[in-house]
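Structure, as structure tokens:
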Amino acid sequence: MTTPPIDALRELHEELWDAERGMDRCAPGVAPGVDISALHLHAVRETANGAFLDLQDGNVDRAVIALRSVLALQYPLSDRPWSATFPTSAEQPEPSGDDAVEWVHYDPNWRQFLGITLALCAIVHGPSLPDDVTSGINVALERCVAGEPDNRIPRWYTNPNLMHAWLQGQVASTTGNRILRAAAHNRLAVPMERLLRYGDLDEYNSPTYDGIDLMAIGLWAMYPPTQGFADAASTMLPRIGARVSKLYHQRFGISCGPYIRAYGLEPTEYVSLSGLLYSVCGEPAERVLPTPITADTVHVHDLYFLPLLEHLAPVLTPHLQFAPVTSERHHAQRFGTSIAESLLRPGLAVGWDTGRRHEASLGQYVPFTAHVAEADGSTTAFGVMLPPETAWVDVERTGDLEFVVRAEGRVETVGVRLVGAAATVAATQIHDRTIRIGRITIEFDVPPGEMTDGSTHGRPELALTWSAGSIAAQISITD
């Protein structure tokens, strides 16, 4: 019998808890292939989320220890870009001046991730916490808000904007700061305006970031700092929930691509926030998450968000209604000149994207995805991703299950990454310029000059490179 995900988290929390340090150790699944235990690192965000789990379970004493440990690690307010954020691990040194690199030496979004967890601890369990912890949380939240530069988060960067707007609203409501309340409404208006303009969020259809975005909007709905947050949530949740519901394919346990950002294509090979959300909605855990979940499971740190999602479930799950795919579903989403399309049938889910030109997180962008049911009951999970030398990939549908892929290089080199589940890559057949994976055939206009195993972070992939400015390929799927 599959262990319920929340019980798997409890077991993991017990295994990783370091009573002497008062924090959770970093799990090996955070960095597959690295002996992370030898580094003796302690995870800041997971310790905070573990504290919320402990509070939910009545283990107040341990939660208090963890919260004090986390609060002590917040960087002070300063004129530096890491002002008032948190280190990713307790052992991470404070950034060392002008040479500090964003996302390497500090993560500015930890203001938002730690902020919402600390705020929930105070909102839901404040009466159980000692005065020094509740006052410490209030000070930390004020610092998170004050330390965030006004223009750091781009308008299209959905998840930190959603979280930070709520944090601004919460701090404004507790302090009575009218200027901050106006700033919260101004930030709230950004994702709201873009959703009304395009029909969806910029951070569109991501196995990880759909979960974060819905979690943030769930905060707007369950704990609205103002009526404006409640009103916005009442528009956003039905709109996003309808899209997630339409694109979810129960046969595969996935949302049909394409994905603006993804860490993998197979839900049972890594922990995703969307998988957690699907399980909260009643989908079998073994369909949408790895089984079993252990400290070595890839991306296991996202499991720590489960108690937050479960707490917000009453305002989220009414908008997520899943049903088997018994007839064809088609969904198209335009963002200006780009269009993302999804096709679902009982035995397949195919997604493709064209016209998108962006630089952020290109290593996680999947402009073509295919999940195909094979005759033996197995699944072929396949995707096309971009290596650093490739500027963009366009995919267009040319027949029923036929597609043309075009990739443009940054210099006189261009490449693609062919990714999938471990079994998919293992079954790949390569001949000259033709690659066959189950029912999927990819035929390039010229043979690749180089083909290497580019598997990283537990994700199998083939990296293909050409000494050319651009390449094209035909993808066909036999029905």
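The values are calculated or read from the model by the stated rules, or taken from the named source; none is laboratory data. This structure is a prediction, so every number in the text was calculated from the model and none was measured. Positions of Cβ are generated from backbone atoms using ideal geometry, with glycine treated the same way; all protein chains shown enter the neighbour counts. Each accessible area value is taken on the protein alone, full model and side chains, heavy atoms only, with ligands, DNA and RNA left out. Shrake-Rupley method; radii C 1.70, N 1.55, O 1.52, S 1.80 Å.
Quick check on this structure: which one of Ser327, Ser279, Ser274 is open to solvent by 10 Å² or more (accessible area, probe 1.4 Å), out of contact with any Phe, Trp or Tyr (no Cβ under 6 Å at 6 or more places or on another chain) and not in a loop (DSSP other than H, G, I, E, B)? I'd like the intermediate steps shown before the answer.
Working: Ser327 fails: not in a loop (DSSP other than H, G, I, E, B); Ser274 fails: open to solvent by 10 Å² or more (accessible area, probe 1.4 Å).
From the options Ser327, Ser279, Ser274, the qualifying one is Ser279.
Would it be correct to say that Ala407 is small (Gly, Ala, Ser) and modelled with pLDDT under 95?
Numbers: small (Gly, Ala, Ser): yes; modelled with pLDDT under 95: no.
No; evaluated as a whole, the condition is false for this residue.
Is it true that Arg287 is touching a His at 6+ places or on another chain (Cβ under 9 Å) and assigned to a helix (DSSP H, G or I)?
So Arg287 does not fit the description; no.
If Arg21 satisfies every condition in (1) open to solvent by 50 Å² or more (accessible area, probe 1.4 Å); (2) among the basic types (Lys, Arg); (3) part of a helix (DSSP H, G or I) but one, which is the exception?
Exception for Arg21: condition (3).
Just need a number here: residues in the range 79-116 that are part of a loop (DSSP other than H, G, I, E, B), in contact with a helix residue (DSSP H, G or I) (Cβ under 8 Å, 6 or more places away or on another chain) and among the small types (Gly, Ala, Ser).
Looking only at that region, the number is 3.
Kindly indicate which of Gly29, Gly50 is within 24 Å of Ser272 (Cβ to Cβ), surrounded by 21 or more Cβ atoms within 10 Å (Cβ to Cβ), touching a strand residue (DSSP E or B) at 6+ places or on another chain (Cβ under 6 Å) and not β-branched (Val, Ile, Thr).
On the way: Gly29 fails: touching a strand residue (DSSP E or B) at 6+ places or on another chain (Cβ under 6 Å).
Only one candidate qualifies: Gly50.
Being of a type in the set (S, T, N, Q) and in contact (Cβ under 8 Å) with a residue 60 or more places away in the chain: is that true of Ser255 here?
no
Report, ordered by the first and then the second residue, all pairs with beta carbons closer than 7 Å, sequence separation of six or more or different chains, a first member in the range 1-12 that is assigned to a helix (DSSP H, G or I), and a second member that is open to solvent by 70 Å² or more (accessible area, probe 1.4 Å).
The qualifying pairs are Ile6/Glu310; Ala8/Pro292.
Take the residues in the range 60-78 that are in contact with a helix residue (DSSP H, G or I) (Cβ under 7 Å, 6 or more places away or on another chain) and assigned to a loop (DSSP other than H, G, I, E, B); name whichever of them is most open to solvent (accessible area, probe 1.4 Å). Before the answer, list the steps.
From the range 60-78, those in contact with a helix residue (DSSP H, G or I) (Cβ under 7 Å, 6 or more places away or on another chain) are 60, 62-64, 66-71, 73-74, 77; that's our starting set.
With the extra rule that they be assigned to a loop (DSSP other than H, G, I, E, B), the set shrinks to 73-74, 77.
On the way: Leu73: 32, Gln74: 17, Leu77: 94 Å².
My answer is Leu77.
For Ile293, which of the numbered conditions (1) outside any helix (DSSP H, G or I); (2) more than 23 Å from Arg45 (Cα to Cα); (3) open to solvent by less than 40 Å² (accessible area, probe 1.4 Å) fails to hold?
Evaluating Ile293 over (1) outside any helix (DSSP H, G or I); (2) more than 23 Å from Arg45 (Cα to Cα); (3) open to solvent by less than 40 Å² (accessible area, probe 1.4 Å) leaves (2) as the failure.
Looking at the range 87-96, can you tell me whether even one residue there is among the hydrophobic types (A, V, I, L, M, F, W, C) and out of contact with any strand residue (DSSP E or B) (no Cβ under 6 Å at 6 or more places or on another chain)?
Taking the range 87-96 and keeping what is among the hydrophobic types (A, V, I, L, M, F, W, C), we get 90.
Applying the additional criterion that residues be out of contact with any strand residue (DSSP E or B) (no Cβ under 6 Å at 6 or more places or on another chain) yields none.
Taking every residue of the range 87-96 in turn, none turns out to be among the hydrophobic types (A, V, I, L, M, F, W, C) and out of contact with any strand residue (DSSP E or B) (no Cβ under 6 Å at 6 or more places or on another chain).
I'd like to know if the range 379-399 contains one or more residues that are outside any strand (DSSP E or B) and hydroxyl-bearing (Ser, Thr, Tyr).
no
Condition check: β-branched (Val, Ile, Thr) and either within 20 Å of Tyr270 (Cβ to Cβ) or free of Cβ contacts under 8 Å to residues at least 40 places away in the same chain (or both). Does Thr337 satisfy that?
yes
Could you tell me whether the range 217-230 includes any residue that is modelled with pLDDT of 95 or more and out of contact with any helix residue (DSSP H, G or I) (no Cβ under 8 Å at 6 or more places or on another chain)? Let's see the steps before the verdict.
Of the residues in the range 217-230, the ones modelled with pLDDT of 95 or more are 217-230.
Those still in the list that are out of contact with any helix residue (DSSP H, G or I) (no Cβ under 8 Å at 6 or more places or on another chain) too: 227.
Checking the range 217-230: at least one residue is modelled with pLDDT of 95 or more and out of contact with any helix residue (DSSP H, G or I) (no Cβ under 8 Å at 6 or more places or on another chain).
Say whether the condition of being touching a helix residue (DSSP H, G or I) at 6+ places or on another chain (Cβ under 8 Å) and either open to solvent by less than 30 Å² (accessible area, probe 1.4 Å) or more than 19 Å from Ile471 (Cα to Cα) (or both) is met by at least one residue in the range 365-378.
Taking the range 365-378 and keeping what is touching a helix residue (DSSP H, G or I) at 6+ places or on another chain (Cβ under 8 Å), we get 378.
Narrowing further to those that are either open to solvent by less than 30 Å² (accessible area, probe 1.4 Å) or more than 19 Å from Ile471 (Cα to Cα) (or both): 378.
Checking the range 365-378: at least one residue is touching a helix residue (DSSP H, G or I) at 6+ places or on another chain (Cβ under 8 Å) and either open to solvent by less than 30 Å² (accessible area, probe 1.4 Å) or more than 19 Å from Ile471 (Cα to Cα) (or both).
Taking the range 97-155 only, how many residues are hydroxyl-bearing (Ser, Thr, Tyr) and loosely packed, with under 15 Cβ neighbours inside 10 Å? Before you say what the answer is, go through the steps one by one.
Going residue by residue through the range 97-155, those that are hydroxyl-bearing (Ser, Thr, Tyr) are 106, 117, 128, 134-135.
Now narrow it down to the ones that are loosely packed, with under 15 Cβ neighbours inside 10 Å: 128, 135.
Residues in the range 97-155 being hydroxyl-bearing (Ser, Thr, Tyr) and loosely packed, with under 15 Cβ neighbours inside 10 Å: 2 in total.
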